[in-house]
Ligand SMILES: [Zn+2]
């Protein structure tokens, strides 16, 4: 290589050794052999190409190095976010929050980490921090339904149902067929007291829900919200003025004849308005379908009411009897026996008590049996025996003829159409 270059230079100088004048300025000039001038020109050109190549190679190297460094940084942050989420799931809240905070500080656009960190704050009860974090994430994800849904759920926890409705409305406009968003939107509207719209949204939820058990839940919600919309203001279950509810409840019971809260509240409203026959007809028809404790209780109340007013009390007693006939459970028969005692038919009541005997589930209906037997003893003038039985009834496992919510287990002395856990029509007799 060296010999080739040396040969070429010598060849060039042999034929082009004559000097040429190179003008450097107006007065200075230089005389150099032509071959030297040509070689110098080649050398400068080669030098420029070489330097250019080096600069380019350097820039590419720097770019690749920076990209590798960023990738390493990102994968380290992703690893930290993943571990933070796992710790949150495992219940290690404080270390999870510290780890996720570091990730979010460096990557505020990482929505997964932001949502996980907001959950961490919310679990710790720090709802303000969770809200601020989610609101600041909206700068990076202004139209993300997950983010909006989380903000809405947080607003509900902060008892700001109006804001929750707004967030859910926006989220639903972005994903109109998401069952999860529609369920949340309906719940927010319910919390805001807008039962009519909440029912309409629950209907949309039922239409798009694919999971059969969730679809059933959606349909139950729809019915419950339609029912709640029929009631006057204030909490469901309180007396209130039910007269205005009669017509809407009639329409609802025509659509859903098996929906017990609507049947019972309609009959209660009729009774309050003085239409005892109308109330009795509804209780009777519903009890014939399924002798729910609340219906039998109300028939018994109606019997007492008619007895006091000197009305046709025996007719109601007959209805009670037919609702209890063929029942294997002790509850309906015990209600009937109790009403027989107040009607003065002590032998018939005693026959029912004897009939129940020891065959039935003694522990579950013990307070009710003690109560009815105590009232019978009282009616027969056996005060000592009555006092013993009634005292035992009051101190049994549960209050006689009390109700428990089938969803949360809350116990109540009387039937309520709605439990504090949010369930409608969930109260059942403890004995039944
Ligand atoms: Zn409940």
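Can you tell me the orientation of helix 383-394 relative to the chain, as the angle in degrees between its alpha-carbon axis and the longest Cα principal axis, to the nearest 10? Helix 383-394 sits roughly 10 degrees off the main axis of the chain. In the chain, the longest principal axis of the Cα atoms and the axis of helix 330-342 are about 40 degrees apart. Taking 253, 60, 342 in turn, the Gaussian network model of the chain (Cα-Cα springs below 10 Å) assigns the largest fluctuation to 60.
Pairs of alpha-carbon atoms within less than 8 angstrom and 6+ residues apart define the contacts here; what relative contact order does the range 140-245 have, in percent?
Numbers: 132 pairs, mean separation 18.9, N = 106.
Relative contact order of the range 140-245: 18 percent.
The alpha carbon centroids of the range 57-73 and the range 91-132 are separated by 31 Å.
Relative contact order, whole percent, for the chain stands at 6, derived from Cα pairs under 8 Å and 6 or more residues apart. Expressed as a whole percent, the proportion of Cα-Cα pairs in the range 281-432 lying more than 20 Å apart is 50%.
Rounded, prolate or oblate, given the Cα gyration tensor of the range 76-142, with a/c below 1.5 counting as rounded? Taking the square roots of the gyration eigenvalues as a ≥ b ≥ c, the range 76-142 is oblate. Calculated [222 nm] ellipticity per residue, helices only, for the chain: -23000 deg cm²/dmol; basis is -39500 (n - 2.57) per DSSP H run with n ≥ 4, divided by all residues, nearest 500.
Across all directions of projection, what mean area in square nanometres is found for the Cα convex hull of the chain?
40.8
Between residue 43 and residue 68, the modelled label-to-label distance comes to 3.7 nm, taking each label 7 Å out from Cα in the direction of the beta carbon. Taking the C-alpha atoms only, the angle from helix 2-15 to the longest principal axis of the chain is near 50 degrees.
Rg/Rh for the range 155-226 (Cα atoms only, Rh after Kirkwood) is 0.96.
An oblate overall shape is assigned to the range 192-293, the ratio a/c of its alpha-carbon gyration tensor axes (a ≥ b ≥ c) being 1.5 or greater and a/b not exceeding b/c. Across 52, 274, 61, mean-square fluctuation computed from a Gaussian network of the chain (C-alpha pairs under 10 Å connected) peaks at 52. Mind jotting down the distance between the C-alpha centroids of the range 360-432 and the range 301-330, whole Å? Each part reduced to its Cα centre gives a spacing of 19 Å.
Computed from the coordinates by the stated procedures, all read-outs in this text should not be read as laboratory data. Quantities reported herein were computed from a predicted structural model and do not represent experimental measurements. Ideal geometry is used to build each Cβ from the backbone, glycine not excepted, and the neighbour counts take in all protein chains shown.
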